[in-house]
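Visitor: Below are the structure tokens for one structure; questions will follow.
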Amino acid sequence: MEPLGELTQKNELLAEYIRKNPNIRGIPTPGHAKKEVKCTLYMDDVTLFCTDGKSVQFLLEACKDFGKASGAKINVDKSQAKLFGHWDLCNEPLPFPIEAGLVKILGIWFGRPGASVKSWNERLAKVKQKLGLWSLRHLSIEGKALVLRNNALPVLQYVTQAWPLLANVARAVNNMVFHFVCHSKMDRVKRSVTHKEHRKGEKAVPDILTILRTFFVRGCIQITLLNENKDRSAYRVIRFFLLPVWRRLGWCKWENATMFNWDLPWYYKEIEMFVVEFGLNCVTPSLWKPRAIHRLIRSRDTTEPVCDLPPATATWRLRAALSQEMEAHIPFPNITHQSVLYGLFPKTHSVEAIQGCWRILCCIKDILLYARTRLVTNGEVVGREACRRMVHNLLRDYTDKDNKESEKEEEL
């Protein structure tokens with residue numbers, strides 16, 4: 001068994017011991033079940049909730065009793081306490097520090113107004129750093145779209161599990177994406193059409209804003225409408241606020257046995273706005289998957305017209321067919337993965353010719369890597385003529401080395 005598995009199993013025993021302790025009062029959840037949230041677990045992270053000072057003291061005693069039985073102790077250096085409202089802990093202070101500001105749980109900030117902004121700003125700084133490194137390379141728009149999809153989107157997607165996409169954050173993300181795509185603050189392509197697919201005449205740049213909004217709505221649907229375990233605290237709390245929204249969208253019926261709140265918090269108002277904006281209330285909750293919803297939204301895009309040519313759909317279809325036909329004759333794909341498996345231009349050259357082509361390609365690759373390293377580390381630009389001379393010299397050195405090795409073999 002892995003060490004992390006043993007740690008998580010011990011946390012489960014501690015959590016069960018705290019939940020069954022009647023002296024510890026947690027946060028009551030909405031509903032007639034009168035259940036309380038006393039602790040939540042995720043991997044090796046434990047979050048505890050108490051509503052009064054006596055519960056805190058009983059909680060500390062429970063942790064000490066558990067430590068005597070298991071040998072585990074609370075790491076005071078990594079533990080924090082967050083107080084909401086008025087607390088009187090002067091007589092019996094806590095063994096770990098009290099955080100007056102925001103609290104960071106699993107990489108997300110909570111605790112006070114402005115926590116969502118700080119969480120998004122930290123992620124935006126990481127994405128900006130990643131895109132800054134990639135912007136040093138002269139990528140095509142298709143390559144930049146791949147970087148956005150694989151490097152930028154996962155970093156921002158994590159925040160949508162807790163906070164919706166704010167308006168100012170959306171503007172910052174949109175500007176950052178198009179500055180990276182256009183390599184300047186001046187847009188070279190209209191933003192409203194850049195996200196369209198290739199078959200509709202555009203570059204298929206990922207619509208990150210729509211994808212992030214879809215992930216947030218999907219998370220709320222997953223917890224409240226598709227979750228089979230209705231005893232979870234997250235199900236009862238979120239459903240308490242979202243039940244009127246699901247009813248207006250036609251996804252849920254009224255339940256008199258379930259309490260609900262008409263005063264919707266600001267971070268849940270984004271859900272109904274997003275669904276109504278794109279007309280997605282006709283999609284049943286079981287079919288709400290981020291990729292499927294994004295494809296549905298993009299399928300409604302119109303095809304870009306082409307002046308003085310046949311209908312646009314036929315034009316872009318012929319363009320795609322021409323590109324595939326050209327790829328069969330232009331040897332660019334053969335200089336990558338296919339050349340490793342089958343060699344350059346199979347069945348057309350001799351073994352010596354293929355070896356010579358490989359030597360040239362390896363020399364060009366080495367010099368390009370050297371020029372890129374000089375540009376990134378020292379800011380020096382190696383010109384085309386200088387690169388050509390270095391490739392020539394490197395080929396000459398390899399040839400001399402081969403001649404010397406052949407002479408040694410002849411002597412032996």
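Visitor: Consider region 15-52. How many of its residues are closer than 20 Å to Val103 by Cα and not acidic (Asp, Glu)?
Guide: The number of residues fulfilling the criteria is 15.
Visitor: Turning to a different aspect of this structure: Which residues, taken from region 48-79, are surrounded by 13 or more Cβ atoms within 10 Å (Cβ to Cβ) and of a type in the set (Gly, Ala, Ser)?
Guide: Gly53, Ser55, Ala62, Gly67, Ala72, Ser79, listed by residue number.
Visitor: While we're here: Which numbered condition in (1) surrounded by 15 or more Cβ atoms within 10 Å (Cβ to Cβ); (2) in contact (Cβ under 8 Å) with a residue 60 or more places away in the chain is the only one that Lys82 fails?
Guide: (2)
Visitor: Sticking with this structure for a sec: I'd like to know if region 381-397 contains one or more residues that are farther than 30 Å from Leu136 by Cα and modelled with pLDDT of 75 or more.
Guide: yes
Visitor: With in a helix (DSSP H, G or I), surrounded by fewer than 16 Cβ atoms within 10 Å (Cβ to Cβ) and aliphatic (A, V, I, L, M) as the only criterion, which of Val147, Val169, Val117 stands out?
Guide: After ruling out the rest, the residue left standing is Val117.
Visitor: Six or more apart or on different chains, Cβ under 9 Å: which pairs go from a residue in region 386-412 that's under 21 Å from Ile364 (Cα atoms) and in contact (Cβ under 8 Å) with a residue 24 or more places away in the chain to one that's among the hydroxyl-bearing types (Ser, Thr, Tyr) and assigned to a helix (DSSP H, G or I)? Could you list them?
Guide: none
Visitor: Which ranges mark the helices (runs of 4 or more DSSP H) fully within region 223-329 that have 1 or more residues being more than 27 Å from Thr210 (Cβ to Cβ), under 30 Å from the mean Cα position of the chain (by Cα) and modelled with pLDDT of 65 or more?
Guide: Counting at least 1 such residues, we get 233-249.
Visitor: Give me the residue from region 177-210 that is among the acidic types (Asp, Glu) and crowded, with 16+ Cβ neighbours inside 10 Å and, out of that set, nearest to Trp266 (Cα to Cα).
Guide: Asp207
Visitor: Determine whether Leu361 is over 29 Å from Leu133 (Cα atoms), surrounded by 12 or more Cβ atoms within 10 Å (Cβ to Cβ) and either of a type outside the set (D, E, K, R) or modelled with pLDDT under 85 (or both).
Guide: no
Visitor: Within the bounds of region 72-88, is there any residue that is at pLDDT 75 or above, in a helix (DSSP H, G or I), among the polar types (S, T, N, Q) and more than 21 Å from Thr29 (Cβ to Cβ)?
Guide: No: region 72-88 contains no residue that is at pLDDT 75 or above, in a helix (DSSP H, G or I), among the polar types (S, T, N, Q) and more than 21 Å from Thr29 (Cβ to Cβ).
Visitor: On the given criteria, is Arg213 of a type in the set (D, E, K, R), modelled with pLDDT of 85 or more, within 20 Å of the chain's Cα centre (by Cα) and exposed (fewer than 15 other Cβ atoms within 10 Å of the Cβ)?
Guide: no
Visitor: Any idea how many residues of region 12-43 are assigned to a loop (DSSP other than H, G, I, E, B), under 16 Å from Lys54 (Cα atoms) and touching a residue at least 40 places away in the same chain (Cβ under 8 Å)?
Guide: Count: 1.
Visitor: Out of region 156-165, which residues are surrounded by 16 or more Cβ atoms within 10 Å (Cβ to Cβ) and outside any loop (DSSP other than H, G, I, E, B)?
Guide: Of everything in region 156-165, those that are surrounded by 16 or more Cβ atoms within 10 Å (Cβ to Cβ) and outside any loop (DSSP other than H, G, I, E, B) turn out to be Leu156, Gln157, Val159, Thr160.
The values are calculated or read from the model by the stated rules, or taken from the named source; none is laboratory data. It should be emphasised that the depicted structure is a prediction, and the values quoted were computed from it without experimental measurement. FYI the Cβ positions are ideal-geometry reconstructions off the backbone, even for glycines, and counts take in every protein chain you see.
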